[in-house]
Amino acid sequence: MATASQPAGKTVTANGLRLHYLEWGAREAPAIICVHGYTSSAEAFNALARRLAERFYVLAMDVRGHGDSEWSPQQAYEYADQAADLAAVADLLVPQPFVLIGTSMGGIIAMAYAQHWGKRLRGLVLNDIGPDVEAGSGRITQMVGTRPDDFASLDEAMEYRRQASPITAARPLSDQRELALGVLRQRPDGRWAWKMDPAYIKRRVTRGAPARPDAWPVLASLACPTLVVWGSDSDVLSEAQARRMVATLPRGELVAVPGVGHAPTLVEPPVLAALERFLAI
């Protein structure tokens, strides 16, 4: 059973794959579904969920090919595949309208979901991502393609992650450990390896990231209130694109996070203040 401090880890079968998710709070509470970024896992939302679990039902997915979710035998890793998983999980577990939070890749999945199932949304949070590709996407692809395959210890892996991401390095050590355990597992030989499907990584390195859906028309027609979270130092979402998103959205609001790159953790004071107002809808 989920508690205020620790989630319940569960699995559901959707679209032929076993998908893992973390569940916080009471099922009858207002619902929030969270979808993580390309290098991350459901644990990315633990810090935020701990602040919300007494008032909300928070479900954080491991996207197919990531974390403890199953890898696709067909290497079906298009955004449409991932959005269909989100739709199936939402239909099975969250029958009521819900707030959807997507960070980076998770935000693209969220926009793809909204294209077909937007009427299910009570609200949408897009964390440091927009419809158009920017330079940081290539940086992330290169970083994942060249990172070590495994590590001698979890501490060694955590040190690598600190060097690769100043945002990770700034988090408490307890958070860093949780995040690392979400994306790494210990093999029988004692070494620690990434949980992400290697075929998924190879495909992105050789072909580039999947084509994004044409999300500008989606944003223009989206009825629910939407927060656009933008890290002021981000190379994945520029200020110009963030402001265009808010201007396009019928009920959009920009939340700037000064001095933070890609992607905000969602527990920065400006984001928490905005979320308090937003979740009162």
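The values are calculated or read from the model by the stated rules, or taken from the named source; none is laboratory data. Note that the coordinates shown come from a computational prediction; the quantities given were computed from them, not determined experimentally. Cβ coordinates were reconstructed from backbone atoms using ideal geometry, including for glycine residues, and neighbour counts include every protein chain displayed.
Some notes on this structure:
- Answer residue from segment 172-194, given it is surrounded by 19 or more Cβ atoms within 10 Å (Cβ to Cβ) and touching a residue at least 60 places away in the same chain (Cβ under 8 Å) and is farthest from GLN82 (Cα to Cα) among those: LEU179
- Wholly enclosed helices (runs of 4 or more DSSP H) of segment 188-262 bearing at least 3 residues basic (Lys, Arg): 198-207
- Of the residues making up segment 11-58, those that are β-branched (Val, Ile, Thr) and touching a residue at least 60 places away in the same chain (Cβ under 8 Å) number 5.
- When ALA274 is tested against (1) surrounded by 15 or more Cβ atoms within 10 Å (Cβ to Cβ); (2) free of Cβ contacts under 8 Å to residues at least 60 places away in the same chain; (3) in a loop (DSSP other than H, G, I, E, B), exactly one condition is not met: (3).
- Residue pairs whose Cβ atoms lie under 8 Å apart, sitting 6 or more positions apart in sequence or on different chains, and linking a residue in segment 211-226 that is closer than 20 Å to ARG277 by Cβ to a partner that is part of a helix (DSSP H, G or I) and of a type in the set (A, V, I, L, M, F, W, C), are LEU222/ALA114; PRO225/PHE278; THR226/LEU219.
- Conditions (1) in a helix (DSSP H, G or I); (2) farther than 19 Å from ALA42 by Cβ; (3) out of contact with any Ser or Thr (no Cβ under 9 Å at 6 or more places or on another chain): number failed by GLU178: (2)
- Residue match in segment 218-232 (condition: surrounded by fewer than 15 Cβ atoms within 10 Å (Cβ to Cβ), at pLDDT 95 or above and not small (Gly, Ala, Ser)): no
- Scanning segment 227-259 for residues that are in contact (Cβ under 8 Å) with a residue 60 or more places away in the chain, out of contact with any Phe, Trp or Tyr (no Cβ under 9 Å at 6 or more places or on another chain) and either within 25 Å of ARG50 (Cα to Cα) or among the acidic types (Asp, Glu) (or both) yields VAL228, VAL229, TRP230, GLY231, ASP235.
- Qualifying residue in segment 182-194 (condition: among the small types (Gly, Ala, Ser) and modelled with pLDDT under 95): no
- Cβ pairs under 7 Å, 6+ apart, first in segment 75-97 and assigned to a loop (DSSP other than H, G, I, E, B), second of a type in the set (Val, Ile, Thr): VAL94/ILE33
- Screening segment 77-106 for residues that are touching a helix residue (DSSP H, G or I) at 6+ places or on another chain (Cβ under 7 Å) and not hydrophobic (A, V, I, L, M, F, W, C) and picking the one that is surrounded by the fewest Cβ atoms within 10 Å (Cβ to Cβ) gives PRO97.
- Applying the set (1) crowded, with 21+ Cβ neighbours inside 10 Å; (2) touching a Leu at 6+ places or on another chain (Cβ under 9 Å) to TYR38 leaves exactly one unmet item: (2).
- Residue match in segment 157-170 (condition: small (Gly, Ala, Ser) and touching a Lys or Arg at 6+ places or on another chain (Cβ under 6 Å)): yes
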